[in-house]
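The values are calculated or read from the model by the stated rules, or taken from the named source; none is laboratory data. Bear in mind that the values here come from a model prediction, so they are computed numbers and not experimental data. Cβ placement follows ideal geometry from the backbone for every residue including glycine, while neighbour counts extend to all protein chains displayed. Calculation scope for accessible area: heavy atoms of the full protein, side chains included, ligands and nucleic acids excluded. Shrake-Rupley method; radii C 1.70, N 1.55, O 1.52, S 1.80 Å.
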Amino acid sequence: AAYLGVAGGFDGFLDFVVRLRAELGVPATLSAMGVGRDRIAEMVAMALEDPTAGGNPVKLTAENTRALFEAAIG
């Protein structure tokens, strides 16, 4: 937030991202993008293999990654 000059800490940054998403027309959920629950297993496998996964502050497991995608599908 501070780097972008956004006031309000996390809440201000979240508001900034939500407004930017709306301005760009980016859907709020994966299902709004056309991604169905039938793709969760595939996405979990891909996420766990992604080379950037190691940089995540929370270690990705099949369980927490599945929960993340289930929430993101909405």
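Residues that are small (Gly, Ala, Ser) and under 16 Å from the mean Cα position of the chain (by Cα) do not occur anywhere in region 3-16. Could you please let me know if PHE16 is part of a helix (DSSP H, G or I), exposed (fewer than 11 other Cβ atoms within 10 Å of the Cβ) and aromatic (Phe, Trp, Tyr)? It is false that PHE16 is part of a helix (DSSP H, G or I), exposed (fewer than 11 other Cβ atoms within 10 Å of the Cβ) and aromatic (Phe, Trp, Tyr).
If you go through region 48-71 and keep only what is modelled with pLDDT of 95 or more, aliphatic (A, V, I, L, M) and open to solvent by 80 Å² or more (accessible area, probe 1.4 Å), you end up with just LEU68.
Only one entry in LEU68, LEU30, LEU4, LEU24 is in contact with a helix residue (DSSP H, G or I) (Cβ under 6 Å, 6 or more places away or on another chain) and of a type in the set (A, V, I, L, M, F, W, C), namely LEU30. GLU23 is checked against (1) within 27 Å of ARG66 (Cα to Cα); (2) assigned to a helix (DSSP H, G or I) and fails just one. What number does that condition carry? Of everything listed in (1) within 27 Å of ARG66 (Cα to Cα); (2) assigned to a helix (DSSP H, G or I), GLU23 misses just condition (1).
Only one of the numbered conditions (1) among the aliphatic types (A, V, I, L, M); (2) in contact (Cβ under 8 Å) with a residue 40 or more places away in the chain; (3) assigned to a helix (DSSP H, G or I) is not met by ALA28, and that is (3). Scanning region 34-58 for residues being within 12 Å of PHE69 (Cβ to Cβ) and not in a loop (DSSP other than H, G, I, E, B) gives a total of 12.
Test ALA45 against the stated conditions and say whether it is more than 15 Å from the chain's Cα centre (by Cα) and either at pLDDT 95 or above or open to solvent by 50 Å² or more (accessible area, probe 1.4 Å) (or both). So ALA45 passes the test.
List the residue pairs whose Cβ atoms are under 9 Å apart, where the first residue sits in region 57-74 and is touching a residue at least 12 places away in the same chain (Cβ under 8 Å) and charged (D, E, K, R), the second is open to solvent by 80 Å² or more (accessible area, probe 1.4 Å) and in a helix (DSSP H, G or I), and the two are 6 or more positions apart or on different chains. Close Cβ pairs satisfying both conditions: GLU70/ARG37. Here is a check on your reading of the model: is MET33 open to solvent by less than 70 Å² (accessible area, probe 1.4 Å), at negative phi and without any contact (Cβ under 8 Å) to a residue 40 or more places away in the chain? No.
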